[in-house]
Every structure is written in structure tokens, then in C-alpha cells.
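S.K.: The following block contains the structure, expressed as C-alpha cells.
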Amino acid sequence: MAEFVATRHALFAFLYGFTRNPHDAEDLFQEVWVRFSRALAEGTEIQDQAKWCRGTARNLLLHHWRDRRQDAVPADPALLDLVEQAFEEQTANQDRWRARQEALTQCLEELPDRSRQLLRLKYEEALSAEQVADRLRQTAAAVLMALSRLRKALRECAQKKLKTEGLEP
């Protein structure tokens, strides 16, 4: 159910893109939700909730077009298949992005306090290199060099974690 909530905007966009009517898209979206809830209540095991919901939405769209005989959007199942494939690819990219974020977060936690302080000043407080240097009693050149080294170390750490987990080549 959490996956449905997390992907609701993409599902609505999928429906709206084919109906071009927010009311019809909302009606279809609600019907997907009803069918999804019913399937879960009946104990149906759904491995990929987003894909299951898009498949249900696809079928509902085909019925919607057939019932209304709308010519504004071509009622072509092959077109729906291509759009669903694009959504699946986007989902895979989002999963990779989340994995990268998680790896980077882990790497940040492993840094010494002084390094985390430097990054916090530069990126969270948005201070210039000169302002960071003043706070840390260093030269601006030293701050810039340290930031460059930290970014490189974080990139390598994250790549290593992703490679270890089999998420990056």
C-alpha cells in the first residue's frame, strides 16, 4: 500500500495523459484504488504494486475509450504498452537514484566530524569558501582543496558501496 501512495502522482499522470480530462483521470484513478484495495483485502499477492496498478489503469483506459469512443487520444493498446514501458524504466531509474542517495548518506555518516562540519558550512549554510575559511581559521585555498578531496572521497565511497551491493557495474 505504501508503494501505491508513493507512486500515486505518476499513476494519475499516466491516466491524465491519455484522458486529457482531470475528472475522467480522477474517476479512473479512484477505480484503480478500489480494485487495488480489494485485491489486497482478498489476499492477492502483488509483487510490484506500481506495475499492477498501471496494468489495471491500462485496462480501465481501454474500457473508457471503448465506452466513450473518444477519438482525441488513439485507443491503441500498443501505445499503452510503450508508455507503461517508459514508466517502468523511470521506476528503475528512481530505484537507482534512491540507492545512490542511501550510499552517499552512509558515506557521509562515516566521515570525521571536521569533514562533516566543512560540508555542512558549505552546502547546508551555503557559505562561500572565504566565509568557511574564516569560521574554520583556514585559507580559502585550503577549504577549496579540502572540499574537492571530500567530494572525490564521497563519490568513490558511494560507488564502492553500490558495487558491493551489486547495484553499479
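S.K.: Residue 141 versus (1) part of a helix (DSSP H, G or I); (2) surrounded by 12 or more Cβ atoms within 10 Å (Cβ to Cβ); (3) modelled with pLDDT of 85 or more; (4) more than 25 Å from the chain's Cα centre (by Cα): which is the lone unmet condition?
M.R.: (2)
S.K.: Mind listing just one residue for me: the one in the range 46-70 that is of a type in the set (A, V, I, L, M, F, W, C) and closer than 19 Å to residue 8 by Cβ and, of those, surrounded by the fewest Cβ atoms within 10 Å (Cβ to Cβ)?
M.R.: Here the answer is 46.
S.K.: Which residue out of 127, 119 is under 19 Å from residue 149 (Cβ atoms), modelled with pLDDT under 95, assigned to a loop (DSSP other than H, G, I, E, B) and in the same structural domain as residue 157 (by TED's automatic domain parsing)?
M.R.: After ruling out the rest, the residue left standing is 127.
S.K.: If you don't mind, there's one more thing I want to ask. Let me spell it out: the conditions are (1) within 24 Å of residue 94 (Cβ to Cβ); (2) at pLDDT 85 or above; (3) crowded, with 16+ Cβ neighbours inside 10 Å, and residue 24 meets all of them except one. Which number is the exception?
M.R.: Going through (1) within 24 Å of residue 94 (Cβ to Cβ); (2) at pLDDT 85 or above; (3) crowded, with 16+ Cβ neighbours inside 10 Å one by one, residue 24 breaks only (1).
S.K.: Can you pull out the residues in the range 38-83 that are in contact with a helix residue (DSSP H, G or I) (Cβ under 6 Å, 6 or more places away or on another chain) and modelled with pLDDT under 70?
M.R.: If the condition is that a residue be in contact with a helix residue (DSSP H, G or I) (Cβ under 6 Å, 6 or more places away or on another chain) and modelled with pLDDT under 70, then 73, 75, 80 are the ones that fit.
S.K.: Also: Which pairs turn up if I take residues in the range 106-132 that are under 15 Å from residue 143 (Cα atoms) and free of Cβ contacts under 8 Å to residues at least 24 places away in the same chain and look for partners that are loosely packed, with under 10 Cβ neighbours inside 10 Å and among the β-branched types (Val, Ile, Thr) with beta carbon separation below 9 Å, at least 6 apart in sequence or on another chain?
M.R.: From residues that are under 15 Å from residue 143 (Cα atoms) and free of Cβ contacts under 8 Å to residues at least 24 places away in the same chain, there are no pairs.
S.K.: Pull out all pairs, ordered by first then second residue, where Cβ-Cβ is under 6 Å, the residues are six or more apart or on different chains, the first lies in the range 6-20 and is more than 16 Å from residue 64 (Cα to Cα), and the second is among the aliphatic types (A, V, I, L, M).
M.R.: 7/50
The values are calculated or read from the model by the stated rules, or taken from the named source; none is laboratory data. Quick caveat, the model's predicted, so the values are computed rather than measured. A quick note on method: Cβ atoms are made from the backbone with ideal geometry, for glycine too, and the neighbour counts reach across all protein chains shown.
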